[in-house]
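Take a look at the structure below.
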Amino acid sequence: MRQEQRVAVTDPTTLEALAHPVRLDLLSYLMSSAPRTASECARAIGDNPSNCSYHLRVLAKHGLVRRVETDSGRERPWEATITGLVSDLAPGTSDHAQSAAAEVVLDASLQLDRQVAREFLRSRDQAGPRWQGVQPRSSYGLRVTPEEMRSLLEQIDALVRPFIAATRQDAPAGSGVAHVSVLAVPRPSFE
């Protein structure tokens, strides 16, 4: 069983590398699949192999992915070295370079979330009947304290964690990879 390895990225140059939507998508794909070649990655994320190769090399320079040796030596697959990212570097930290880079990564991550959702909605009919009944979005207006919000997010994390693709060994036949994103932000203007 692969051990979970979630990392907190605080280095501004690594954060800058992660701020590219193709790199985030590649990292997400590799974290949820077996090792894949740049061509396989390109097909999965809808890009071309040479561009994926470039972005994989950038991710490798920051230790987020690595090459996997094969018996044949002909294929050159890549794998993620991590199973997830921890975003405990909040924008507004005293290190302005880190704060700015963290904001850019968060923005790129939100863009990727929207892109993934739009792609699903466009191709929902092709997802197969089992997936068509899945409601892809829920939204709630909560009245909570910051402590309650943290607790709620920790509970959601605990519910989701056993299903993380990179570490799940008991996935039933017919299971597929799903993108789950949780966004919880205060709305002070609603007070």
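The residue list Glu79, Glu119 contains one member that is of a type in the set (D, E, K, R), closer than 25 Å to Cys52 by Cα, touching a strand residue (DSSP E or B) at 6+ places or on another chain (Cβ under 8 Å) and outside any loop (DSSP other than H, G, I, E, B), which is Glu79.
Here Ala101, Ala97 are screened, and the one residue that is aliphatic (A, V, I, L, M), open to solvent by less than 50 Å² (accessible area, probe 1.4 Å), assigned to a helix (DSSP H, G or I) and at pLDDT below 85 is Ala101.
Restricting attention to the range 34-49, the residues that are in a loop (DSSP other than H, G, I, E, B) and open to solvent by less than 30 Å² (accessible area, probe 1.4 Å) total 1. The requirement of being modelled with pLDDT under 85 and farther than 24 Å from Leu85 by Cβ is fulfilled nowhere in the range 153-168; no residue meets it.
Just to be sure I understand, how many residues within the range 160-175 are surrounded by 11 or more Cβ atoms within 10 Å (Cβ to Cβ) and assigned to a loop (DSSP other than H, G, I, E, B)?
Of the residues in that region, 7 qualify.
Of all residue pairs spaced 6 or more apart or on separate chains, those with beta-carbon atoms under 6 Å, a first member in the range 161-182 that is among the hydroxyl-bearing types (Ser, Thr, Tyr) and a second member that is in a loop (DSSP other than H, G, I, E, B) are Thr167/Arg2; Thr167/Glu4; Thr167/Thr83.
Among residues of the range 53-80 that are within 19 Å of Leu15 (Cβ to Cβ), those with a Cβ under 7 angstrom from a residue that is open to solvent by 90 Å² or more (accessible area, probe 1.4 Å), sequence gap 6+ or separate chain, pair up as Ala60/Arg66. Taken over the range 3-33, the criterion of being within 18 Å of Ala166 (Cβ to Cβ), in contact with a helix residue (DSSP H, G or I) (Cβ under 8 Å, 6 or more places away or on another chain) and either among the hydroxyl-bearing types (Ser, Thr, Tyr) or outside any loop (DSSP other than H, G, I, E, B) (or both) is satisfied by Leu18, Arg23, Leu24, Asp25, Leu26, Leu27, Ser28, Tyr29, Leu30, Ser33.
Mind checking which residues of the range 142-159 are open to solvent by less than 70 Å² (accessible area, probe 1.4 Å) and over 25 Å from the mean Cα position of the chain (by Cα)? Selection gives Val144, Thr145. The single condition from (1) acidic (Asp, Glu); (2) part of a helix (DSSP H, G or I); (3) at pLDDT below 80 that Asp107 fails is (3).
The conditions of being of a type in the set (Ser, Thr, Tyr), under 25 Å from Gly176 (Cβ atoms) and in contact with a helix residue (DSSP H, G or I) (Cβ under 6 Å, 6 or more places away or on another chain) are met by Ser39.
Among the residues of the range 112-138, those that are within 23 Å of Ala19 (Cα to Cα) and open to solvent by less than 80 Å² (accessible area, probe 1.4 Å) comprise Leu112, Asp113, Gln115, Val116, Ala117, Glu119, Phe120. Taken over the range 176-191, the criterion of being touching a helix residue (DSSP H, G or I) at 6+ places or on another chain (Cβ under 9 Å), open to solvent by 70 Å² or more (accessible area, probe 1.4 Å) and not aliphatic (A, V, I, L, M) is satisfied by His179, Pro186.
The values are calculated or read from the model by the stated rules, or taken from the named source; none is laboratory data. Note that this is a predicted model, so its numbers are computed, not measured. Every residue, glycine as well, gets a Cβ built from its backbone with ideal geometry; the counts of neighbours run over all protein chains shown. The protein model used for the area step is the full one, side chains on, heavy atoms only, and it has no ligands, DNA or RNA in it. Shrake-Rupley method; radii C 1.70, N 1.55, O 1.52, S 1.80 Å.
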